[in-house]
Amino acid sequence: MKIKVNGLHIDVGDSLRENVETTLPASVAKYAENPINATVTFSKNNHEIKCDCTVHLSTGMIAQATGKGGDAYAAYDQTSERLEKQLRRYKRRLKDHHRKSPIEKIAAASFVIESGNDNHEEPTDLQPVIIAEGSTSVPTLSVGEAVMHMEMGGENVLMFHNEQNNTLNVVYRREDGNIGWIDPTPVSRAS
């Protein structure tokens, strides 16, 4: 597994880098086979050090965890514990994941739209003002995989191509803590 250790406005010493490079593969290997790469980023957050970790698994899933501590080692330890807990929670699902190839992805455009600020006049045509353009991908998953993908990535919403009915679906975290699922396939109603 390739591991990239970064520091944002903080110097990551050789000792910390070596610690991450030796302990992270062992932590991930307990719960997931053949991880591809990982990025660990340390940054200052007020009086604490923050550690963000992203691990790309061979199944196409992405696991993310964040931790904070008084020093970089404590922040990394908390991040590592959270990552292990997340992978342990999904170990059965990952092992039952029968996908032999990486997750297929459909290319898509992404846009950032300006929110309605009071400083700007209301456009006459009611078209949103695009302030940034980019690209993203929409993964082809089952509903269960989409929920797992969303939770492991720490996201609140995920659009995916449903491999069972060949439509675009959305899973999202509801305010009550449950997961919502939007499926545009017609609903048959009994009369």
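The values are calculated or read from the model by the stated rules, or taken from the named source; none is laboratory data. In this text the structure is predicted, and so the values were computed from the model without any measurement. Neighbour counts are summed over all protein chains in view; Cβ atoms, including those assigned to glycine, are modelled from backbone coordinates with ideal geometry.
Tabulated data
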quantity	calculated
Subset of the range 123-168 that is among the β-branched types (Val, Ile, Thr), assigned to a strand (DSSP E or B) and within 17 Å of Glu104 (Cβ to Cβ) - its residue that is farthest from the chain's Cα centre (by Cα)	Thr167
Meets criteria (assigned to a helix (DSSP H, G or I), among the β-branched types (Val, Ile, Thr) and modelled with pLDDT of 85 or more) for Val171	no
Filter result for the condition that a residue is modelled with pLDDT of 90 or more and either out of contact with any Phe, Trp or Tyr (no Cβ under 7 Å at 6 or more places or on another chain) or more than 26 Å from Arg82 (Cα to Cα) (or both), over Ile131, Ile182	Ile182
Residues satisfying the stated conditions in the range 151-181, i.e. surrounded by 12 or more Cβ atoms within 10 Å (Cβ to Cβ) and of a type in the set (A, V, I, L, M, F, W, C)	Met152, Leu158, Met159, Phe160, Leu168, Val170, Val171, Ile179, Trp181
Residue list for the range 138-163, restricted to those being closer than 24 Å to Glu84 by Cβ and of a type in the set (D, E, K, R)	Glu145, Glu151, Glu155
Residues satisfying the stated conditions in the range 1-24, i.e. without any contact (Cβ under 8 Å) to a residue 60 or more places away in the chain, in a helix (DSSP H, G or I) and surrounded by 11 or more Cβ atoms within 10 Å (Cβ to Cβ)	Arg17, Glu18, Asn19, Val20, Glu21, Thr23, Leu24
Condition check for Gly70: at pLDDT below 95 and either surrounded by 12 or more Cβ atoms within 10 Å (Cβ to Cβ) or aromatic (Phe, Trp, Tyr) (or both)	no
